[in-house]
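Structure record follows, encoded as structure tokens.
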Amino acid sequence: MGKSLSEIWRESLERVERDTADAMSLPWGALGTLSGYAFSCLGVLISLLVMSPISVFITAPLGYVIGLVLVLLLQAVAWMFPMPFAWLARRIA
């Protein structure tokens with residue numbers, strides 16, 4: 001009984017480590033840059049439509065930083081719950 005439980009525990013730890021490695025293999029840097037540029041463009045559009053053109057200089061870098069932070073948060077979620085992200089990484093690769 002103890003031997004089978006330790007074997008099950010070892011196999012599940014190996015699976016979690018493999019899933020975490022696969023999840024962290026996603027292109028997080030490219031995703032961060034892409035989302036940063038997208039939020040930057042969104043900030044520019046909103047500031048041009050709603051606010052003054054001077055506010056573009058504030059919203060563009062702010063949008064870029066928000067995009068990068070959101071990807072970092074998503075990467076932290078992927079580290080805590082690696083299974084869906086590992087599935088996605090396996091499908092992409």
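The values are calculated or read from the model by the stated rules, or taken from the named source; none is laboratory data. Quick caveat: nothing in here was measured; it's all calculated off a predicted structure. Positions of Cβ are backbone-derived with ideal geometry, glycine not excepted, and every protein chain shown enters the neighbour counts. To get the accessible areas, we keep the full protein, side chains included, count just its heavy atoms, and leave off ligands, DNA and RNA. Shrake-Rupley method; radii C 1.70, N 1.55, O 1.52, S 1.80 Å.
Observations, loosely collected:
- Computed [θ] at 222 nm, deg cm²/dmol, the chain (DSSP H ≥ 4; -39,500 (n - 2.57); rounded to nearest 500): -30500 deg cm²/dmol
- Extreme residue, positive dipole direction of the stretch 12-93, given options Leu26, Ala86, Leu45 (C-beta unit charges): Leu45
- Two-site FRET efficiency, Phe57 against Val77, from Cβ-Cβ distance with R₀ of 30 Å, rounded to 0.05: 0.40
- Per residue, the chain exposes an accessible area of 73 Å² to a 1.4 Å probe, with every protein chain left in place.
- Most to least accessible of Phe85, Phe39 (protein chains only, probe 1.4 Å): Phe39, Phe85
- Student exercise, the chain dipole from Lys, Arg, Asp, Glu Cβ charges, in Debye to nearest 20: 80
- The shape of the chain can be summarised by an equivalent ellipsoid whose semi-axes, obtained from the alpha carbon gyration tensor, come to 42, 11, 8 Å from longest to shortest.
- Carbon + sulfur, % of accessible area of the stretch 33-93 - ligands and nucleic acids excluded, 1.4 Å: 85
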